[in-house]
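Peer 1: My structure is below; once you've seen it, I'll send some questions.
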Amino acid sequence: MFSFQRFSLFLFCSFLSLSSLFAQSSPADSIEIAIDRLMAKMTLEEKIGQMNQYNGFWDVTGPAPKAGADKFKYDHFKQGLVGSVLNVRGVKQVRALQEMVVKESGLGIPLLFGFDAVHGYNTVLPIPLAEAASWDLPAIERSARVTATEAAASGINWTFAPMVDISRDARWGRVMEGAGEDPYLGSQIAMARVKGFQGNDFRSPFNILATAKHFAGYGFAEGGRDYNTVDVSPLTLHNIILPPFKASVQQGVASVMNSFNIINGVPATANRYLVQDILKRDWKFKGVVVSDWGSGVEMIDHGYAENLSQVAALSANAGSDVDMESYAYVNHLKNQVTNGNVSVAVIDQSVRRVLRLKFLLGLFNDPYKYCDSTREQVYAMHPEHASVARDMARRSMVLLKNDQDLLPLKPAGKKIAVIGSLAADKNSPLGNWRLAAKDSSAVSLVEALDAAGVSYTYAPGVQLVAGGPVHFVQELPINENDTTGMAQAISVAKDADVVIMMLGEHGLQSGEGRSRAQLNLPGLQQSLLEAVHKVNPRIVLVLMSGRPLAISWAAAHVPGILLAWQPGSQSGHAIVDVLLGKYNPAGKLPMTFPRSDRQLPIYYNQFSTGRPGPKKEVFWSHYIDEAHTPLYEFGYGKSYTQFSYSDLQITPSKDSVSITVTLTNTGSLKGEEVAQLYIHDRVSSVVRPVRELKGFKKLLLEPGARTSIRFDLPRSAFGYFDAQGKWFLEPGLFDIYVGGSSFASLTGAVQL
Ligand code: GLC
């Protein structure tokens with residue numbers, strides 16, 4: 001018997017079954033299908049080509065190289081033996097090279113264009129360690145967004161950033177590039193930077209691939225000496241070094257870069273445990289692992305490979321997908337496959353990952369997506385970016401000392417002396433990773449004082465650099481004996497009401513290859529400081545540096561100290577905003593400041609030791625010639641106002657522990673405070689740090705205002721990774737600390 005109901009049910013089911021046949025596969029599935037189809041057409045050589053990355057080596061808009069190594073490499077582009085390049089940038093250049101590859105190389109697989117857009121591009125933001133001092137995740141994300149916008153507008157679709165290496169040793173030049181010594185803060189900042197670079201939709205031509213680097217352990221180089229040996233316990237690896245990488249992967253970072261170092265005896269680029277087991281198997285990372293520059297060939301010097309052919313097999317089998325500038329894959333991987341040392345399956349896995357990123361970016365639909373000259377004109381250095389840079393720089397500065405309320409300055413009617421060659425330096429504020437920025441493009445302190453209408457007398461004092469040109473790859477000659485300028489500086493300082501001294505490091509005294517054994521004020525600056533202090537102690541020291549410095553003398557004698565770091569393009573304006581009180585500083589140290597470089601490594605989340613002391617006799621953990629405590633601790637930073645913490649309440653529940661505290665602005669100015677939450681596991685199966693940062697909140701309070709702050713910690717947050725990298729939570733008694741630094745004294749306890 002005919003029934004309309006049954007017929008319509010039949011129709012509906014038929015529709016469902018038909019539509020399921022033609023249902024749009026998910027975008028991810030359709031990308032995998034597209035990769036399958038493309039790889040089915042590729043020769044083994046073309047597959048290996050996708051694993052090969054060259055640095056730009058000729059003006060791609062000019063004549064092709066005619067002979068030698070450049071010709072050899074040039075021909076590889078036409079043979080489809082190059083999958084990505086670095087340091088080819090600018091819409092004209094990128095388009096020219098992309099056209100050549102797409103139109104003339106066999107399958108025409110578009111290139112990825114990489115560049116170290118680490119803290120800015122044309123507009124330079126503060127160095128990443130400075131940004132970390134802001135503890136301001138939205139501001140840090142905004143900063144990365146500006147960097148991505150300018151880089152993308154210039155043809156770049158892959159940045160080799162964020163650097164997420166944790167480090168406890170300020171002698172290491174690359175601390176400037178990271179987020180300091182703490183894994184929790186480092187993880188939060190890593191996620192903010194990945195979000196800023198990648199956005200939330202790769203269809204946008206302003207979003208670029210990010211790279212979590214350097215995987216892993218690079219910041220633990222012994223002695224803080226760059227590229228040196230790394231030998232750490234599994235607990236340090238899993239609890240301190242890896243968390244920011246894991247956070248980056250959870251945030252969806254598109255690529256991870258190997259580090260130069262060995263880690264526990266095996267170079268990172270060939271370290272199966274790191275790359276295959278942890279990153280790809282355990283964390284399910286689906287992006288691309290790119291080697292660092294030459295980190296493959298360096299295995300020979302490490303004593304881990306006899307030759308480049310072995311390097312190719314060791315790296316590929318460990319899961320390193322792309323070879324940057326070792327020429328191992330392009331020259332030896334095919335033979336290693338033929339010899340059976342590397343399977344085609346290994347090659348296919350890596351190639352799939354590279355092609356996946358190219359499909360995700362939409363480069364097969366439009367290889368010239370990042371080659372819009374109008375967009376380049378508008379966004380490669382947009383006026384709005386200057387205000388973002390200035391705001392980020394102000395937020396990054398840390399007020400270390402302000403005795404006699406010397407700051408903020410009230411310049412009206414005051415005789416102000418400005419001393420120090422860095423006060424007129426327009427390059428050092430840009431830091432080390434400023435490859436795209438124009439030379440001398442930073443606003444200097446003296447320029448900003450002029451712009452603010454502040455009258456002053458300037459004297460450079462002794463020169464920091466001993467003359468001659470400075471260059472990114474050359475050693476920097478520091479002036480150690482020419483005291484020219486000292487007398488003039490002293491006379492300018494003598495009858496001033498206040499002396500602003502801008503001292504610290506040249507921009508090329510930190511960064512890659514720039515480790516320092518000493519953390520003092522470089523050159524003759526300490527002598528200059530003490531000479532000026534003799535005639536006029538009313539000094540405001542503006543410290544410019546790419547790392548924590550050992551400034552004990554200044555801390556003991558100078559009433560005002562503002563840590564400016566290397567604040568980027570808007571350096572001078574941001575410093576003046578803070579000095580004049582237009583912005584109330586709120587930065588907090590992301591890395592411990594030592595009393596002396598002989599204390600290193602020194603960090604807050606240390607273990608107690610069996611003799612924490614102090615004791616009446618000498619048998620406890622200390623030095624007989626130096627205090628064992630830091631000069632300024634992790635999380636420390638002052639404001640022009642004051643804050644107090646009270647009413648700590650700790651309430652455990654089934655799955656979490658809620659911690660509330662009252663924060664009061666007890667001063668007379670509006671100000672921001674970073675309230676920090678630390679825990680301490682008193683007794684556990686492996687000793688735990690005396691304090692561990694587990695949360696922070698940055699708040700703005702009007703003078704006299706108070707507010708309640710609440711942290712909700714899941715119980716899991718009280719655990720740790722065991723030696724096998726498994727998260728381990730055990731019952732016990734935990735101390736809780738809340739305050740404005742890692743020395744927070746407001747404390748309570750909770751039994752879990
Ligand atoms: C450098 C750095 C790395 C950078 C790469 C490409 O040696 O170690 O951070 O991304 O080479 O410039």
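The values are calculated or read from the model by the stated rules, or taken from the named source; none is laboratory data. No experiment lies behind these values; they were computed from the predicted model shown. Neighbour counts are summed over all protein chains in view; Cβ atoms, including those assigned to glycine, are modelled from backbone coordinates with ideal geometry.
Peer 1: Just the residues that are touching a residue at least 60 places away in the same chain (Cβ under 8 Å) and under 15 Å from GLU181 (Cβ atoms), please, taken from segment 594-630.
Peer 2: PRO594, LEU600, PRO601, ILE602, TYR603, TYR604, ASN605, GLN606, PHE607
Peer 1: While we're on this one: ALA117 passes all but one of (1) under 30 Å from ALA190 (Cα atoms); (2) more than 16 Å from the ligand (Cβ to nearest atom); (3) part of a loop (DSSP other than H, G, I, E, B); which number fails?
Peer 2: That leaves (2) as the condition not met.
Peer 1: Can you find, within segment 208-247, the residue that is nearest to the chain's Cα centre (by Cα) among those that are assigned to a strand (DSSP E or B) and not hydrophobic (A, V, I, L, M, F, W, C)?
Peer 2: Checking each candidate, the answer is LYS213.
Peer 1: So LYS195 ticks every box in (1) of a type outside the set (Phe, Trp, Tyr); (2) farther than 20 Å from PRO590 by Cβ; (3) in contact (Cβ under 8 Å) with a residue 40 or more places away in the chain; (4) surrounded by fewer than 24 Cβ atoms within 10 Å (Cβ to Cβ) but one. Which box is left unticked?
Peer 2: Condition not satisfied by LYS195: (2).
Peer 1: Let me ask another. For the structure I just gave you, tell me whether ASP722 is under 27 Å from THR629 (Cβ atoms) and surrounded by fewer than 17 Cβ atoms within 10 Å (Cβ to Cβ).
Peer 2: no
Peer 1: Out of all the residues in segment 272-306, which are under 25 Å from the mean Cα position of the chain (by Cα), part of a loop (DSSP other than H, G, I, E, B) and within 16 Å of the ligand (Cβ to nearest atom)?
Peer 2: Across segment 272-306, the qualifying residues are GLY287, SER291, ASP292, TRP293, GLY294, SER295, GLY296.
Peer 1: Could you identify the single residue in THR229, THR159, THR211 that is farther than 17 Å from SER291 by Cα, of a type in the set (Ser, Thr, Tyr) and in contact (Cβ under 8 Å) with a residue 24 or more places away in the chain?
Peer 2: None of the others qualify; the one that does is THR229.
Peer 1: Another question about this same structure. Go through segment 414-435 and give me each residue that's surrounded by fewer than 23 Cβ atoms within 10 Å (Cβ to Cβ) and at pLDDT below 95.
Peer 2: Across segment 414-435, the qualifying residue is only LEU435.
Peer 1: So SER248 passes all but one of these: (1) of a type in the set (Gly, Ala, Ser); (2) surrounded by 22 or more Cβ atoms within 10 Å (Cβ to Cβ); (3) farther than 17 Å from ILE278 by Cβ. Which condition number does it fail?
Peer 2: Failing condition for SER248: (3).
Peer 1: Sticking with this structure for a sec: Tell me, yes or no, whether segment 136-149 has at least one residue that is part of a loop (DSSP other than H, G, I, E, B), within 16 Å of the ligand (Cβ to nearest atom) and buried (at least 24 other Cβ atoms within 10 Å of the Cβ).
Peer 2: So far as segment 136-149 goes, no, none of its residues is part of a loop (DSSP other than H, G, I, E, B), within 16 Å of the ligand (Cβ to nearest atom) and buried (at least 24 other Cβ atoms within 10 Å of the Cβ).
Peer 1: Looking at segment 236-252, which of the residues that are more than 16 Å from the ligand (Cβ to nearest atom) and of a type in the set (Gly, Ala, Ser) is nearest to GLY186 (Cα to Cα)?
Peer 2: Per the criteria, the residue is ALA247.
Peer 1: Any residue at all in segment 679-688 that is closer than 22 Å to ILE189 by Cβ and among the acidic types (Asp, Glu)?
Peer 2: Within segment 679-688 (the criterion being closer than 22 Å to ILE189 by Cβ and among the acidic types (Asp, Glu)), the answer is no, since none of the residues qualifies.
Each row is one residue, and each column tells you yes or no for (1) within 19 Å of PRO27 (Cα to Cα); (2) in the same structural domain as ARG89 (by TED's automatic domain parsing).
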| residue | (1), (2) |
| --- | --- |
| LEU355 | yes, yes |
| LYS358 | yes, yes |
| ASP372 | no, yes |
| SER396 | no, no |
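Peer 1: Next question, about the same structure. Test ALA192 against the criterion of being within 16 Å of the ligand (Cβ to nearest atom) and among the aliphatic types (A, V, I, L, M), and give yes or no.
Peer 2: For ALA192, the condition - within 16 Å of the ligand (Cβ to nearest atom) and among the aliphatic types (A, V, I, L, M) - is not met.
Peer 1: Here is a follow-up. Condition first: surrounded by 16 or more Cβ atoms within 10 Å (Cβ to Cβ), not in a loop (DSSP other than H, G, I, E, B) and not polar (S, T, N, Q). Now tell me which residues in segment 33-64 satisfy that.
Peer 2: Once the filter is applied, which keeps residues that are surrounded by 16 or more Cβ atoms within 10 Å (Cβ to Cβ), not in a loop (DSSP other than H, G, I, E, B) and not polar (S, T, N, Q), segment 33-64 yields ILE35, LEU38, MET39, GLU46, LYS47, ILE48, GLY49, TYR54.
Peer 1: Here is a follow-up. Anything in segment 102-135 that is of a type in the set (S, T, N, Q) and either surrounded by fewer than 24 Cβ atoms within 10 Å (Cβ to Cβ) or under 20 Å from TYR370 (Cβ atoms) (or both)? List them, or say none.
Peer 2: If the condition is that a residue be of a type in the set (S, T, N, Q) and either surrounded by fewer than 24 Cβ atoms within 10 Å (Cβ to Cβ) or under 20 Å from TYR370 (Cβ atoms) (or both), then SER105, ASN122, THR123 are the ones that fit.
Peer 1: Then there is this: Tell me, yes or no, whether segment 354-373 has at least one residue that is within 16 Å of the ligand (Cβ to nearest atom), assigned to a loop (DSSP other than H, G, I, E, B) and surrounded by fewer than 23 Cβ atoms within 10 Å (Cβ to Cβ).
Peer 2: No: segment 354-373 contains no residue that is within 16 Å of the ligand (Cβ to nearest atom), assigned to a loop (DSSP other than H, G, I, E, B) and surrounded by fewer than 23 Cβ atoms within 10 Å (Cβ to Cβ).
Peer 1: Can ARG174 be described as basic (Lys, Arg) and either more than 16 Å from the ligand (Cβ to nearest atom) or in the same structural domain as LYS697 (by TED's automatic domain parsing) (or both)?
Peer 2: no
Peer 1: Across segment 203-220, what is the total count of residues that are surrounded by fewer than 19 Cβ atoms within 10 Å (Cβ to Cβ) and among the hydrophobic types (A, V, I, L, M, F, W, C)?
Peer 2: 1
Peer 1: In the set GLY513, GLY546, GLY507, which member is crowded, with 16+ Cβ neighbours inside 10 Å, within 16 Å of the ligand (Cβ to nearest atom) and within 21 Å of ALA130 (Cβ to Cβ)?
Peer 2: That would be GLY546, the only listed residue that is crowded, with 16+ Cβ neighbours inside 10 Å, within 16 Å of the ligand (Cβ to nearest atom) and within 21 Å of ALA130 (Cβ to Cβ).
Peer 1: Given the residues SER255, SER309, SER315, SER233, which is the only one that is in the same structural domain as GLY56 (by TED's automatic domain parsing) and either of a type in the set (Lys, Arg) or within 15 Å of the ligand (Cβ to nearest atom) (or both)?
Peer 2: That would be SER255, the only listed residue that is in the same structural domain as GLY56 (by TED's automatic domain parsing) and either of a type in the set (Lys, Arg) or within 15 Å of the ligand (Cβ to nearest atom) (or both).
Peer 1: Residues to consider are PHE12, PHE7, PHE77, PHE72; find the one that is part of a helix (DSSP H, G or I), at pLDDT 95 or above and not polar (S, T, N, Q).
Peer 2: PHE77
Peer 1: Take THR269 and tell me if it is assigned by TED's automatic domain parsing to the domain that holds ALA139, within 16 Å of the ligand (Cβ to nearest atom) and more than 28 Å from PHE728 (Cα to Cα).
Peer 2: So THR269 passes the test.
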